[in-house]
Amino acid sequence: MTGANSHIDSLAGLTELEARYADHQSYLSPGRRKLLRAILETPEENYFLSSRDLAKKHGVNAATIVRTIQLLGYERFADFCADLRRHFVKRITPFHAMQAATREKRPTQDRIRANIEKDAQNLNQFLATMDATQLLELARRITTARRIVVIAVDLASFLAGAMAYMLRVQGFDAESPVGSTGNLWHSVGLLGPKDTVIAISFGRCLRDTVESTQRARKLGAYTFGITDSDSSPLAQSCDAFMLAPIASPLYTGSYVAPMAAMNAIVSASAHLHPKRTLERLKHYEEEYTKGSRWYSKGS
């Protein structure tokens, strides 16, 4: 029993792919172990490749790739790729992202195009996996919520601010707490069963976001996450979640797909009760057409 517990402890903190590799090393030849280590060490270069492209990249044939992942217990290459992507999400750092991007010798113009192409891929992936039924359920929660709190910190905080602003325009009591951990903690502490939380975090996820979401859920609030993996800490902490990939050659990541997710949520909330939305927007009509806050030459 002690031996079994020690084995479990030794796998703690590993990704699913790392755990499988650790568990199945004895079944792998030295060449296959070397191949898997190369794939695991550079997931950002491998997770989006087909079996044929992965084989070409590592100088083996496609049959070797298929047989190797079967020895890890995978029946399908797609399942291996899904775990490799989760491994990438959990292990990637700004340094590794930039390092991977600089390995390829290419003109700066090509790098710019590659960034935009990856943005487009992320957007297409979000569109392909979006669950409209789940999104509408969140919209219903938003329209009936007493209060909506959008939680995100660090770089993602601008997403929370934009989301709360767009919901306030529709007349919802929405906020995105800013400042210290204490301010976030106290804001969440006021929530209850009639409230809704939208939390945003990616990769390994930031502690403040995850723990605040967990607290909100314990207090009875409905919690919805925008994240990039179904195994992320935020996904595991929420009542429901939506996947929006942020993979990018750029060290900051790409927030194009999360913005699209937010726009979809706001659109669903607006069109769920269009008369209510129009009544609210009517109050802004005169300001939008004649308001003094717009630039006018000579004013």
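The values are calculated or read from the model by the stated rules, or taken from the named source; none is laboratory data. Because the structure is a prediction, the values reported are computed rather than measured. All Cβ positions, even for glycine, are placed from backbone atoms using ideal geometry, and neighbour counts span all protein chains on display.
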*Could you please find all residues in the range 19-65 being within 26 Å of the chain's Cα centre (by Cα), of a type in the set (S, T, N, Q) and farther than 18 Å from Ala78 by Cβ?*
Thr42
*Output yes when any residue across the range 221-239 is under 18 Å from Ala162 (Cα atoms) and either out of contact with any strand residue (DSSP E or B) (no Cβ under 8 Å at 6 or more places or on another chain) or free of Cβ contacts under 8 Å to residues at least 12 places away in the same chain (or both), and no when none is.*
no
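Of all residues in the range 158-190, which are assigned to a strand (DSSP E or B) and β-branched (Val, Ile, Thr)? Can you show your working first?
From the range 158-190, those assigned to a strand (DSSP E or B) are 174-175; that's our starting set.
Scanning the range 158-190 gives no hits.
Here is a yes/no grid of residues against (1) modelled with pLDDT of 90 or more; (2) assigned by TED's automatic domain parsing to the domain that holds Asn46; (3) β-branched (Val, Ile, Thr); (4) on the phi < 0 side of the Ramachandran plot:
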site: Ala235; (1), (2), (3), (4): yes, no, no, yes
site: Pro249; (1), (2), (3), (4): no, no, no, yes
site: Val256; (1), (2), (3), (4): yes, no, yes, yes
site: Ser267; (1), (2), (3), (4): yes, no, no, yes
site: Trp294; (1), (2), (3), (4): no, no, no, yes
